[in-house]
Amino acid sequence: MEKIYQKLVDYFGGQIATATALAISQSTISGYVSGRWNMSEKVAFRAEKATLGKFKAVDLCPSLKEFQDLIA
């Protein structure tokens, strides 16, 4: 999972830019990248919108996978 978070950071050009785009702290982004925690549903949907769908919420937030058929 950490790899997708690093790709998201690369997309925005750094952890601070990613945090700003998603309206969360840089330390939260660092936690995603290091694998300390997973992205929440709310932030995952923000990321999907901010990347114009390049990153899907269901791929960023493991808890959304069980609902994938409902939101697809």
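Below is a table of values for the structure above.
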quantity: Test: residue in segment 47-68 that is modelled with pLDDT of 95 or more, aliphatic (A, V, I, L, M), under 14 Å from F12 (Cβ atoms) and in contact with a Leu (Cβ under 6 Å, 6 or more places away or on another chain); calculated: yes
quantity: Tally of residues being surrounded by 13 or more Cβ atoms within 10 Å (Cβ to Cβ) and either in contact with a His (Cβ under 9 Å, 6 or more places away or on another chain) or outside any loop (DSSP other than H, G, I, E, B) (or both) across segment 21-41; calculated: 10
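Residue by residue, here is whether (1) under 13 Å from the mean Cα position of the chain (by Cα); (2) at negative phi; (3) free of Cβ contacts under 8 Å to residues at least 40 places away in the same chain holds:
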{"position": "V9", "(1), (2), (3)": "yes, yes, yes"}
{"position": "Q15", "(1), (2), (3)": "yes, yes, yes"}
{"position": "S27", "(1), (2), (3)": "no, yes, yes"}
{"position": "V33", "(1), (2), (3)": "yes, yes, yes"}
{"position": "M39", "(1), (2), (3)": "yes, yes, yes"}
{"position": "A44", "(1), (2), (3)": "yes, yes, yes"}
{"position": "K54", "(1), (2), (3)": "yes, yes, no"}
{"position": "A57", "(1), (2), (3)": "yes, yes, yes"}
{"position": "E66", "(1), (2), (3)": "no, yes, yes"}
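The values are calculated or read from the model by the stated rules, or taken from the named source; none is laboratory data. Note that the coordinates shown come from a computational prediction; the quantities given were computed from them, not determined experimentally. We place every Cβ from the backbone using ideal geometry, glycine too, and count neighbours over all the protein chains shown.
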